[in-house]
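Input: a single structure, listed below in C-alpha cells.
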Amino acid sequence: MDVKIEQSWKSALEPEFGKPYFQELVRFLHAEKAAGKVIYPPGSQIFRAFELTPVSQVKVVIMGQDPYHGPGQAMGLSFSVPDGVQAPPSLKNIFKEIETDLGIRMSGRPNLESWARQGVLLLNSVLTVQGGMAASHSRIGWQNFTDAVISYLSAHREGIVFLLWGRYAQQKAALIDPSRHHVLMAAHPSPLAGGAFFGCRHFSQTNQILLEEGKTPINWQL
C-alpha cells in the first residue's frame, strides 16, 4: 500500500508512518490482498478524507467507525457513499436531522464530498474493512493512526467542532483539548439507536459556533 496522502497531512503524520504498528498494518493489508481478500475502500481512496480536507482547512470533524463493507459503498469518507448508491440507514437519518434542524430539503444525494471540500473532515476511526465483514479490521492498528490525527488537530489547530456520535466515536473525546475546541456529542444516527440521534441539532449548532469563530458556516444542503 503506497501511502498517498495530501502534503500537509503527510508532514503532520510523518512520524506515524515509520512506527512499528503502521508498518505491521501495511504488511497485513498487503498479505490480505495477496490472499485474494476484498478490501474496502479501494486503495486509492483509503486516505480520501485527507486529500479533500487539508490540515489548515479543517473546521469540523465527523467521526465514523469503520468503512461500509458492501460492494461499491466505501469511498474513504465517513458516512458517505458514491453517487448512484442508495444512502445507508445512518446517512438517511443524518439527512432527516439536517432537514428538521435547518428547515431545508435534502436531495438524498449520498456523496458528502462537498462537505469535505468545505472543511468537514469525514474521518472513520478504522480506515479499511474486509468485504462483507463489518469491523474486521478494527484491531489491526488503525485506531493508533486516527488517534494521532485527532491529537494533532487538537494540539495544532483551534476552534474545530468535533461531532462525536455514539459511544465508539465519543472515546476520541479524551484526545481533544476542550479549552481549544468544541465537542458536541449525540447518539449514533443508526436506526439501532432508536431515534435518539434526532433533535441533537448539531448542524445548526456547528454553524453558530463557526460564525462565532469568524469562520464561514458549512452549507449542509446536498
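The values are calculated or read from the model by the stated rules, or taken from the named source; none is laboratory data. Bear in mind that the values here come from a model prediction, so they are computed numbers and not experimental data. Cβ: placed from backbone, ideal geometry, glycine included. Neighbour counts: every protein chain shown. Each accessible area value is taken on the protein alone, full model and side chains, heavy atoms only, with ligands, DNA and RNA left out. Shrake-Rupley method; radii C 1.70, N 1.55, O 1.52, S 1.80 Å.
Tell me, yes or no, whether segment 33-46 has at least one residue that is in a loop (DSSP other than H, G, I, E, B), among the aliphatic types (A, V, I, L, M), within 18 Å of the chain's Cα centre (by Cα) and under 21 Å from residue 129 (Cα atoms).
The answer is yes, given that some residue of segment 33-46 is in a loop (DSSP other than H, G, I, E, B), among the aliphatic types (A, V, I, L, M), within 18 Å of the chain's Cα centre (by Cα) and under 21 Å from residue 129 (Cα atoms).
Tally up the residues in segment 14-25 that are open to solvent by less than 70 Å² (accessible area, probe 1.4 Å) and modelled with pLDDT of 95 or more, please.
Here the count works out to 4.
Can you name every one of the strands (runs of 3 or more DSSP E) wholly within segment 97-212 that holds 1 or more residues which are more than 25 Å from residue 23 (Cβ to Cβ), in contact (Cβ under 8 Å) with a residue 40 or more places away in the chain and touching a strand residue (DSSP E or B) at 6+ places or on another chain (Cβ under 9 Å)?
120-124, 161-165
Out of 71, 88, 54, report the one residue that is free of Cβ contacts under 8 Å to residues at least 40 places away in the same chain, under 26 Å from residue 143 (Cα atoms) and not charged (D, E, K, R).
Checking each option against the conditions leaves just 88.
Only one of 64, 43, 84 is in contact with a Phe, Trp or Tyr (Cβ under 6 Å, 6 or more places away or on another chain) and either surrounded by fewer than 20 Cβ atoms within 10 Å (Cβ to Cβ) or closer than 23 Å to residue 146 by Cα (or both). Can you tell me which?
None of the other options fit; the residue is 64.
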